[in-house]
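Participant: Take a look at this one; I'll ask things after.
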Amino acid sequence: MFVDVHAHLDDKAFDDDREQVLEDIKKAGMTVVNAGSDLQSSRFSVELATNYDFVYACVGIHPHEAAEAPKDYLRELEELARYPKVIAIGEIGLDYYYEFSDRKVQQRVFLEQLELAKSLNLPVVIHNRDAHQDTLSILKKSAPIKGLMHCYSGSLETARELLKLGFYFSFGGVITFKNAKKPKEVASELPLENIILETDCPYLTPEPYRGKRNDPTKIPIIAAKLAELHHVSPQEVEDITYANFKKLFDARRLSY
């Protein structure tokens with residue numbers, strides 16, 4: 001089974017045909033994890049997971065939204081995380097590329113959510129852009145239960161440090177881009193046993209559809225590129241990444 005471990009089906013890009021996209025995902029026999037980025041999208045993710053048996057949810061505050069998080073945001077995240085199909089706290093982390101929120105605020109909100117995840121015995125889904133050293137340092141100090149580095153863009157050296165912490169890594173359409181040398185190198189060097197597939201839809205559409213809206217049904221394209229990088233068959237990638245999904249998010253929490 002193919003799994004899109006990181007999607008944003010709540011995005012306004014799907015407002016006109018969301019139900020049809022979900023039907024297409026169902027027909028493809030896929031599983032999708034919808035990631036929250038603020039309280040509103042986290043609520044939406046829980047609603048999607050409640051209404052569709054092939055959808056799971058993550059809930060969390062993205063670093064872009066950290067400055068706007070209400071004072072009691074942790075209380076609501078904890079309440080949302082009690083829903084059976086919420087399988088992680090995310091996406092959370094640091095973003096020093098845009099810096100829509102002050103770095104100190106980002107770090108505080110990141111740490112608070114890591115502690116929440118530990119208290120709930122849930123994995124975390126990490127967003128990290130141009131903040132590799134601070135992200136690694138915080139994760140080493142906090143030592144989360146388990147975690148996923150979403151759309152990993154760091155170095156192989158940093159990835160090896162994260163492997164020691166038990167992290168998994170997800171790769172998406174970027175590894176199909178002609179100019180994406182580093183992501184391809186890192187994806188090819190990391191063990192398949194620590195990789196899961198994602199789209200980050202509606203963003204980062206793989207070739208040859210780059211420039212159009214992304215959606216979870218594009219996962220086989222990404223799987224084929226990962227198979228090429230590891231010199232294995234697409235079926236092996238499908239089987240291994242599905243097994244990794246179950247290990248990371250604890251098969252006992254999944255309804256199959």
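Participant: For a quick check of your reading of the model, give me the residue pairs whose first member lies in the range 1-16 and is surrounded by fewer than 22 Cβ atoms within 10 Å (Cβ to Cβ) and aliphatic (A, V, I, L, M), whose second is modelled with pLDDT of 95 or more and part of a helix (DSSP H, G or I), with beta-carbon atoms closer than 7 Å and at least 6 apart or on different chains.
Facilitator: These pairs meet every condition: MET1/TYR242.
Participant: Is it fair to say ASP72 is more than 27 Å from LEU22 (Cβ to Cβ), surrounded by fewer than 22 Cβ atoms within 10 Å (Cβ to Cβ) and of a type in the set (D, E, K, R)?
Facilitator: Judged against the criteria, ASP72 is a match.
Participant: Answer yes or no: is there a residue in the range 188-204 that is modelled with pLDDT of 95 or more, among the charged types (D, E, K, R), assigned to a loop (DSSP other than H, G, I, E, B) and crowded, with 17+ Cβ neighbours inside 10 Å.
Facilitator: Scanning the range 188-204, I find at least one residue that is modelled with pLDDT of 95 or more, among the charged types (D, E, K, R), assigned to a loop (DSSP other than H, G, I, E, B) and crowded, with 17+ Cβ neighbours inside 10 Å, so the answer is yes.
Participant: Still on this structure, I have one more. Looking at the structure I just gave you, is THR158 part of a helix (DSSP H, G or I), closer than 21 Å to HIS8 by Cβ and at pLDDT 95 or above?
Facilitator: Details: part of a helix (DSSP H, G or I): yes; closer than 21 Å to HIS8 by Cβ: no; at pLDDT 95 or above: yes.
In short, no.
Participant: Of TYR97, TYR52, which residue is touching a helix residue (DSSP H, G or I) at 6+ places or on another chain (Cβ under 9 Å), in contact (Cβ under 8 Å) with a residue 24 or more places away in the chain and either under 26 Å from ILE195 (Cα atoms) or aromatic (Phe, Trp, Tyr) (or both)?
Facilitator: Result: TYR52 is the single residue among TYR97, TYR52 that is touching a helix residue (DSSP H, G or I) at 6+ places or on another chain (Cβ under 9 Å), in contact (Cβ under 8 Å) with a residue 24 or more places away in the chain and either under 26 Å from ILE195 (Cα atoms) or aromatic (Phe, Trp, Tyr) (or both).
Participant: Let me ask something else about it. If a residue must be crowded, with 24+ Cβ neighbours inside 10 Å, among the aliphatic types (A, V, I, L, M) and part of a helix (DSSP H, G or I), how many such residues does the range 98-126 contain?
Facilitator: Going through the range 98-126 one residue at a time, the tally reaches 2.
Participant: May I ask you to list the residues in the range 132-147 that are under 18 Å from HIS62 (Cβ atoms) and either in contact with a His (Cβ under 6 Å, 6 or more places away or on another chain) or not in a strand (DSSP E or B) (or both)?
Facilitator: HIS132, ASP134, THR135, ILE138, LEU139, SER142, PRO144, listed by residue number.
Participant: For the range 235-246, state whether one or more residues are surrounded by fewer than 22 Cβ atoms within 10 Å (Cβ to Cβ), touching a Pro at 6+ places or on another chain (Cβ under 9 Å) and in a helix (DSSP H, G or I).
Facilitator: Yes, the conditions are met somewhere in the range 235-246.
Participant: What are the pairs, 6+ residues apart or on separate chains, where a residue within the range 19-43 that is of a type in the set (Gly, Ala, Ser) has its Cβ under 6 Å from a residue that is part of a loop (DSSP other than H, G, I, E, B)?
Facilitator: Taking only residues 6 or more apart or on different chains, the pairs are GLY36/GLY60; SER37/HIS62; SER41/ASP10; SER42/GLY36.
Participant: Of all residues in the range 93-132, which are under 19 Å from ALA81 (Cβ atoms) and among the β-branched types (Val, Ile, Thr)?
Facilitator: Scanning the range 93-132 gives VAL109, VAL124, VAL125, ILE126.
Participant: Then there is this: Looking at (1) under 15 Å from VAL186 (Cβ atoms); (2) crowded, with 23+ Cβ neighbours inside 10 Å, find the lone condition where GLU157 falls short.
Facilitator: Exception for GLU157: condition (2).
The values are calculated or read from the model by the stated rules, or taken from the named source; none is laboratory data. Predicted, not measured: the structure shown is a model, and the values here were computed from it. In this analysis, Cβ positions are derived from the backbone assuming ideal geometry, glycine residues included, and neighbour counts consider all displayed protein chains.
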